[in-house]
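Enquirer: Here it is, the structure in full.
The values are calculated or read from the model by the stated rules, or taken from the named source; none is laboratory data. This one's a predicted model, so the numbers in the text were calculated from it and none came from an experiment. Here the Cβ positions follow ideal geometry from the backbone for every residue, glycine too, while neighbour counts run over all protein chains shown. When the accessible area is computed, the model is the full protein with side chains, heavy atoms only, and any ligands, DNA or RNA have been set aside. Shrake-Rupley method; radii C 1.70, N 1.55, O 1.52, S 1.80 Å.
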Amino acid sequence: MGFGSYDESEQENQDYDADLDDDSGVNTEENAHEGSVDFEIGASNDELLDRLKDIKDDEQSET
């Protein structure tokens with residue numbers, strides 16, 4: 001087999017019934033969690049905005 005080749009016998013006679021209704025899908029509620037998450041940033045909004053401005057200024061000076 002060369003690059004990009006495949007076994008054609010694997011591609012023949014593949015039956016697929018799209019009308020199946022057997023509930024074999026993924027259960028999205030299986031691992032549902034309830035609770036809360038708290039973040040302590042430790043910096044004020046002004047400090048964070050100043051840091052963002054510094055980052056943007058650094059990016060512009062590098063180009």
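Enquirer: Scanning the range 35-63 for residues that are in a loop (DSSP other than H, G, I, E, B) and of a type in the set (Val, Ile, Thr), which turns out nearest to the chain's Cα centre (by Cα)?
Expert: Per the criteria, the residue is Val37.
Enquirer: Among the residues of the range 1-58, which ones are surrounded by 10 or more Cβ atoms within 10 Å (Cβ to Cβ) and modelled with pLDDT under 75?
Expert: None - no residue of the range 1-58 is surrounded by 10 or more Cβ atoms within 10 Å (Cβ to Cβ) and modelled with pLDDT under 75, so the list stays empty.
Enquirer: Let me ask something else. Taking only pairs six or more apart or across chains, which ones have beta-carbon atoms under 9 Å, a first residue in the range 26-54 that is free of Cβ contacts under 8 Å to residues at least 40 places away in the same chain, and a second residue that is open to solvent by 100 Å² or more (accessible area, probe 1.4 Å)?
Expert: Qualifying pairs under 9 Å: Ala43/Arg51; Leu48/Ile41.
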